[in-house]
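S.K.: Have a look at this one before I ask anything.
The values are calculated or read from the model by the stated rules, or taken from the named source; none is laboratory data. No experiment lies behind these values; they were computed from the predicted model shown. We place every Cβ from the backbone using ideal geometry, glycine too, and count neighbours over all the protein chains shown.
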Amino acid sequence: MHILDTLKERGFIAQTTFEEDLYKQLERESTTFYVGFDPTADSLHFGHFIPILAMAHMQRAGHRPIALVGGGTAMVGDPSGKTDMRKMMSVETVQQNAEGIKKQLSKFISFDNGKALMVNNADWLTNLNYLEFLREIGAQFSVNRMLAAECYKQRYERGLTFLEFNYMIMQAYDFLMLFRKHNCRLQMGGDDQWSNILAGADLIRRKEQEAAFACTFNLLLTSSGSKMGKTEKGALWLDAELCSPYDFYQYWRNVSDEDVEKCLSMLTFLPMDEVRRLSALEGQEINEAKKVLAFECTKLVHGEEEAEKAQIASAALFEKDGLSDEVPTFIITHAQLDVDNRLSSILNLCGLCTSNSDARKMIKQGAVYVDGERVSDIDARLSEDDIKKADGILLRRGKKNYCRVIMQ
């Protein structure tokens, strides 16, 4: 099957340019393509998961990915989907974050022997001659067309700086430079980047009279229309230090029934026949599909061993009603307990609630359990004797959010 058909069947493709020509390009030769990553953190999060998996599909089909780190554009800030200007970053921070990003990408694509590249657009953006850039690149852009782009509309109404206005031109220039340096002919990314990606493909066609293509991916939304990857603790990070393999597993274990098929299609490499079989399960049997989804996603991000641990922990809690060493654990000190031993404070400390007031609200609603017993007293306290048991105490908020608290 053609790689574009594979990506379409699995639900990735939102928009493409010159689709018939792109089919021929990908059939004719191994094609270099790129995806951009903002180095705003040293870890990727779920928002990057779809582009990463698309890169993996493309590489498996024989094409060469370039991961472009926006070290130069991070010093400007992308206005796409933003209501405020993004903070600018130092060169040192960008480099540190880029190293973390490459380490995570290496779990999905191979950088061995030039099979994939990582580049930093600071290499060509930081030393630009402004007048030359205006003459060569700026003359190719219509301000009227740029202002009509979706990525500028919201920011234009609230106030768009000239600094940010340059972002589209810079991203287009990235594509041109990658074409010149690496014969890169395709840029891929989220559909919210369509205007910027299209600008780059158009620039290559105008400046070089060569074929260049744009392709964007659908955002993964829940059946209710909200973005996936948001948790009560914040973004669903791909770094185990920011989101444990267990919490990552539980997120996918708890998706709604209606979202199982598209998640299995886009977030795993299972054959589509198996995806359709699992997605057709009904009633309680759909939970088997969710277990497969959770295991496959966790295996991709954290490895098979961590996925198995998370699976065992989940089964121990929700099927056997027991404890497991792999349940998220919070170590509380004697000093912390001496200062404040209220259950509400401990729920906040261990991350089961977002604040003390949130914890009190959960207790009042009857959503908090200590070792399986519901607690209704918002002033309930925990003593050292409660926590110093061999297995500590098991706190639960709601049906599926657990944390073991032990004494150090």
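S.K.: Filter the helices (runs of 4 or more DSSP H) completely within the stretch 99-174 down to those with at least 3 residues that are crowded, with 17+ Cβ neighbours inside 10 Å.
M.R.: Output list reads 122-125, 150-158.
Per-residue answers, yes or no, for (1) within 26 Å of the chain's Cα centre (by Cα); (2) over 14 Å from Gly36 (Cα atoms):
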| site | (1), (2) |
| --- | --- |
| Phe175 | yes, no |
| Leu178 | yes, no |
| Asp191 | yes, no |
| Gly200 | yes, no |
| Glu208 | no, yes |
| Phe213 | yes, yes |
| Thr216 | yes, no |
| Leu219 | yes, yes |
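S.K.: I'm checking my understanding of the structure. Among residues of the stretch 247-287 that are within 29 Å of Leu352 (Cα to Cα) and of a type in the set (Phe, Trp, Tyr), which one is surrounded by the fewest Cβ atoms within 10 Å (Cβ to Cβ)?
M.R.: Residue satisfying both the conditions and the ranking: Tyr251.
S.K.: With the condition kept exactly as written, say whether any residue in the stretch 199-210 is over 30 Å from Tyr246 (Cα atoms) and either part of a strand (DSSP E or B) or at pLDDT below 85 (or both).
M.R.: If we filter the stretch 199-210 for residues that are over 30 Å from Tyr246 (Cα atoms), which is where we start, we get 199-210.
Okay, now just the ones that are also either part of a strand (DSSP E or B) or at pLDDT below 85 (or both), so none.
No - not one qualifying residue is present in the stretch 199-210.
S.K.: Moving on. Kindly state which helices (runs of 4 or more DSSP H) lie completely within the stretch 244-357 and contain at least 3 residues that are under 30 Å from Ser376 (Cβ atoms).
M.R.: 245-253, 304-318, 334-339, 343-349
S.K.: Here's another thing I want to ask about it. Does at least one position in the stretch 31-45 carry a residue that is touching a residue at least 24 places away in the same chain (Cβ under 8 Å), over 18 Å from the mean Cα position of the chain (by Cα), surrounded by fewer than 16 Cβ atoms within 10 Å (Cβ to Cβ) and part of a loop (DSSP other than H, G, I, E, B)?
M.R.: no
S.K.: Tell me yes or no: at least one residue of the stretch 380-389 is under 34 Å from the mean Cα position of the chain (by Cα), farther than 26 Å from Asn287 by Cα and modelled with pLDDT of 90 or more. Write out each step before concluding.
M.R.: Filtering the stretch 380-389 down to residues under 34 Å from the mean Cα position of the chain (by Cα) leaves none.
Within the stretch 380-389, not a single residue is under 34 Å from the mean Cα position of the chain (by Cα), farther than 26 Å from Asn287 by Cα and modelled with pLDDT of 90 or more.
S.K.: Another question, then. Those residues that are surrounded by 19 or more Cβ atoms within 10 Å (Cβ to Cβ), among the basic types (Lys, Arg) and in a helix (DSSP H, G or I), I need them from the stretch 1-30; list them, please.
M.R.: Passing the criteria: none in range.
S.K.: Can you tell me which of Glu132, Glu157, Glu92, Glu164 is modelled with pLDDT under 80 and out of contact with any Lys or Arg (no Cβ under 9 Å at 6 or more places or on another chain)?
M.R.: The match here is Glu157.
S.K.: Kindly indicate the residue of the stretch 321-365 that is among the charged types (D, E, K, R) and over 32 Å from the mean Cα position of the chain (by Cα) and also modelled with the lowest pLDDT among those meeting that condition.
M.R.: Checking each candidate, the answer is Asp338.
S.K.: Return the residues of the stretch 300-313 that are buried (at least 20 other Cβ atoms within 10 Å of the Cβ) and touching a helix residue (DSSP H, G or I) at 6+ places or on another chain (Cβ under 6 Å); say none if nothing qualifies.
M.R.: His302, Ala307, Ala310, Gln311, Ala313
S.K.: Just to be sure, is Cys184 modelled with pLDDT of 80 or more and in contact with a helix residue (DSSP H, G or I) (Cβ under 6 Å, 6 or more places away or on another chain)?
M.R.: yes
S.K.: Taking the options Leu178, Leu219, name whichever one is touching a residue at least 60 places away in the same chain (Cβ under 8 Å), of a type in the set (A, V, I, L, M) and surrounded by fewer than 23 Cβ atoms within 10 Å (Cβ to Cβ).
M.R.: Leu219
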